[in-house]
Amino acid sequence: MSFPAQRGRRLRRTASLRALAAETRLTADQLVAPLFVREGYAVREPIASMPGHARLSPDLAAEEAASLAAAGVRAVLLFGIPSHKDADGSGAWDQAGPVPQAIRRIKEIVPTLSVWADVCLCEYTDHGHCGVLDNEGVNNDETLPLLARAALAYARAGADVIAPSDMMDGRVAHIRVALDRAGYEDIAIVSYAVKYASSFYGPFREAAGSTPRQGDRKAYQMDPPNVREALREALADVEEGADMIIVKPGLPYLDVIRAVRERVDVPVVAYQVSGEFAMLHAAADRGWIDLPRAMQETAIGLRRAGADLLITYFARELAAGLSAASAAVPEAVPVLKGHQQS
Ligand code: PBG
């Protein structure tokens, strides 16, 4: 069938027709909101490069989590910002650290929200790398037990999901065994299986103070040109017991999301990272793009590429827009009113 019988514009004519014809949808259930947790009480320390986000003390992080849950968001992903750093990143498994404290507090005030804990050493090491160093660089196998200790600390505090983001080989299997041995066989592992050495983590590293003091992460995070390698990483993590797979960053890697989606059966999560968030804000600040629309367009783009879930710093705004959209439906009623009047 071709023109004039076929006219692509017919289903684009009204908002209702467009809504009916939408092939991809986004719901608040698909959103995970990252939160930065620091030490202290009643502290909110804004992050300049991430408008609307702040380093929060555990009490305020829990309040934030509760208000995200009220907006319909199903999960928060916690990152810790310790006041003390050392060579091994021992703060990562400190049961009294900001993340375990926040987990316990969130579970007290909003037990239905799922709590995801990022597991990595970079925020906790004084050198800023994601594992322990030897003469050659980051030592993979010596890092594994430390990651497992961190995972256990978060599981003990009540985390539902352990999310390792360090990119060490074999860490999913290692963490799985450690969790199972300690009786946490029901705690899920959502692994950053496909994490690229990206320029888009800049604002996060500023927020977390986790920029490597020397060198970069190219010897453990993935090389941007590679997609077949992404499949090997994803399949390896599923094999090791990952319950979901994260691809990160999002927008520059839509093809990778699609490729991974087609090869694994576990849920695929896209992480729209700090630099993607900051970039949209920066352009909007200059009046160059419309922020709410750009935010929605990137979110639906990640879903269309194949992501089941999105980790995004826009979670709150997206969720608010989604409930506003359904609340707007009764406004169709004025047509009826018109009938009554005539
Ligand atoms: C920790 C970690 C990073 C991010 C998530 N977990 C930073 C990094 O690898 O440098 C980035 C998140 C973001 O930019 O939003 N390894």
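Structure notes:
- When all alpha carbon pairs of region 99-155 are counted in 10 Å bins from zero, the resulting P(r) reads 22, 42, 23, 11, 2 %.
- Heavy-atom accessible area per residue - region 85-166, 1.4 Å, Å²: 34
- Only lysine pairs 8 or more places apart or on separate chains count here, and in the chain those with Cα atoms under 26 Å apart total 6.
- Per residue solvent-accessible surface (Å²) - region 202-328, probe of 1.4 Å: 47
- Once both labels are positioned 7 Å from their Cα atoms along Cα-to-Cβ, the gap between Ala320 and Arg304 label points is 2.6 nm.
- Using alpha carbons only, the radius of gyration of the chain set against its Kirkwood radius gives Rg/Rh = 1.02.
- Intensity falloff of region 1-107 expressed as log10 I(q)/I(0), Debye formula with alpha-carbon point scatterers, at q = 0.13 Å⁻¹: -0.60
- Region 25-322 - percent of accessible surface contributed by carbon and sulfur, probe 1.4 Å: 50
- Since only Ala234, Gly209, Gln221 are under comparison, the one whose Cα sits farthest along the positive direction of the charge dipole of region 208-252, derived from C-beta charges on Lys, Arg, Asp and Glu, is Gly209.
- Gyration tensor verdict on region 202-308 (Cα atoms; rounded if a/c is under 1.5, prolate if a/b is larger than b/c, oblate otherwise): oblate
- Check: the chain dipole with +1 on Lys, Arg Cβ and -1 on Asp, Glu Cβ, in debye: 1820
- Working from label points 7 Å from Cα in the Cα-to-Cβ sense, the Arg25 to Ser67 distance is 2.9 nm.
- Extension gain, Ser83 to Ala48: 0.36 nm times the residue separation minus the Cα-Cα distance gives 10.7 nm.
- Separation in nanometres of the label points that stand 7 Å from Cα toward Cβ, at Ala197 and Arg13: 5.5
The values are calculated or read from the model by the stated rules, or taken from the named source; none is laboratory data. Since this is a predicted model, take the numbers as computed values, not measurements. Heads up, the Cβs are rebuilt from the backbone with ideal geometry, glycines too, and the neighbour counts pull from every protein chain shown. Only protein heavy atoms, including side chains, enter the accessible area calculation; ligands, DNA and RNA are left aside. Shrake-Rupley method; radii C 1.70, N 1.55, O 1.52, S 1.80 Å.
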